[in-house]
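First comes the structure, then the notes that go with it.
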Amino acid sequence: MERLVEEQFVIGELEREGISILPGFTEQVELVRAYYRKYYFKNKQRLVFCGINPGQFGAGRTGVPFIDFDGIEKLMPGRGGDEQERSAQYMLSIMEEYETGAFQDSVYLTNLSWYGFVRRGRNLNYYSLPRHVRHYFTNMFVEEMKIVQPSYIVPLSEEVGRELRLMKANGQLDFPIAERLPHPLHCSFPSNVEKSRDRYHSCIEKLTGLRRKNSVPVARKAATAPLNPTRFKGKVKLQRKPVFVKQ
């Protein structure tokens, strides 16, 4: 951001279009550092969920992708507040299904553009920026992935999926792109919540092996099931020992 301000070209181009950059990353530098030091200090390969860009009521204020101030307060008590944003609240509901910190150990949240944008008071997505300045914001994602070294990148919108595939085709990304998931804002509507949660949890558990707090793998249940006698039509019947077939 300091470089963009110093060079002025990109900022000037956006201003001519009536576009301004959301200040979350620059105003919340210490909060962002504290969050990443707490939750991403382990050197682990992670699944990456990649969104579009921050919005003005969530990450555009906190600087932390898909986390609003209410989420910050729950994850880092004493550092947040009670402000909520729909996408962030949905993502928080996904995180809370896992042990504290386990989600971040397996999943890294980011956006294709680190910065969010507004025009005439409304959110603007990076792909609506003037084409000749768009790469200034998306190229930073490529550098981020070189650091993160993801196992897979999961696009959280159709537009992001297209952009990631283009980056991969152009040789900018050398990581597998997984099947797209619906954007958290879409997921947050009541008619979509349950079905979308199933898709998110299935993706996380399939690609990372992470398990929710209240779930037990089927194979483990079978392996530990006791051979208790049970009554069936007046006769004693032993439960069969489970048979596992090696794949």
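The values are calculated or read from the model by the stated rules, or taken from the named source; none is laboratory data. Predicted model only: the values in this text are computed from it and were never measured. Using ideal geometry, Cβ is built from the backbone for each residue, glycine included, and neighbour counts are taken over all protein chains shown. Accessible surface is based on the protein model in full, side chains and every heavy atom, while ligands, DNA and RNA are left aside. Shrake-Rupley method; radii C 1.70, N 1.55, O 1.52, S 1.80 Å.
Some values worked out for this structure:
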| item | result |
| --- | --- |
| Dipole of the chain, positive end: most advanced residue of 145, 72, 215 [Cβ charges, Cα centre] | 215 |
| Stokes-Einstein D (µm²/s) once Rh is taken as the Kirkwood radius of region 65-183 over alpha-carbon pairs, at 25 °C in 0.890 mPa s | 155 |
| Cβ-derived FRET efficiency at R0 22 Å, residue 33 paired with residue 186, nearest 0.05 | 0.10 |
| The chain: relative contact order as a whole-number percent, Cα under 8 Å and 6+ apart | 20 |
| For region 8-130, average projected area of the Cα convex hull in nm² | 8.0 |
| Residues whose placed amide H lies under 5 Å from that of residue 111, excluding near-sequence neighbours | 51 |
| 1.4 Å probe accessible area per residue over region 1-147, in Å² | 49 |
| In region 119-198, the trypsin sites (Lys or Arg not before Pro) that fall in loop regions by DSSP, at most 11 other Cβ within 10 Å | 120 |
| Residue 98 long-range amide H proximity, modeled H, under 5 Å | 213 |
| Accessible carbon and sulfur surface of the chain relative to its total accessible area, %, 1.4 Å | 49 |
| Kirkwood Rh and Cα Rg combined as Rg/Rh, the chain | 1.09 |
| Stretchable slack from residue 99 to residue 16, in nm (0.36 nm times residue separation minus alpha-carbon distance) | 25.2 nm |
| Scaled radius of gyration (Cα, divided by 2.2 N^0.38 Å) that region 120-174 gives | 1.22 |
| Neighbourhood charge, 10 Å Cβ-Cβ cut-off, centred on residue 83 and excluding it, Lys, Arg +1 and Asp, Glu -1 | -4 |
| Virtual spin-label span in nm between residue 76 and residue 215, 7 Å along Cα→Cβ | 2.9 |
| Length gained when the stretch residue 122-residue 83 is fully extended (0.36 nm per residue, less Cα-Cα span) | 12.2 nm |
| For the chain, calculated [θ]222 nm from helices alone, where every DSSP H run of n ≥ 4 adds -39500 (n - 2.57) | -12500 deg cm²/dmol |
| Inter-centroid distance (Cα atoms) of region 91-148 relative to region 5-32, Å | 15 |
| Relative contact order %, region 1-124, counting alpha carbon pairs below 8 Å whose residues are six or more apart | 33 |
| Given charges at Cβ of Lys, Arg, Asp, Glu: region 1-79 dipole, positive-most of 57, 25, 36 | 36 |
| Cα centroid of region 181-202 to Cα centroid of region 34-73, whole Å | 19 |
| Charge dipole magnitude, Cβ of K and R +1, D and E -1 - the chain, Cα centre, debye nearest 20 | 2180 |
| Geometric extent, Cα atoms of region 141-205 - Rg, Dmax (angstrom) | 13.2, 40 |
| Sum of side-chain charges, residue 70 neighbourhood, beta-carbon under 9 Å (Lys, Arg +1; Asp, Glu -1) | -4 |
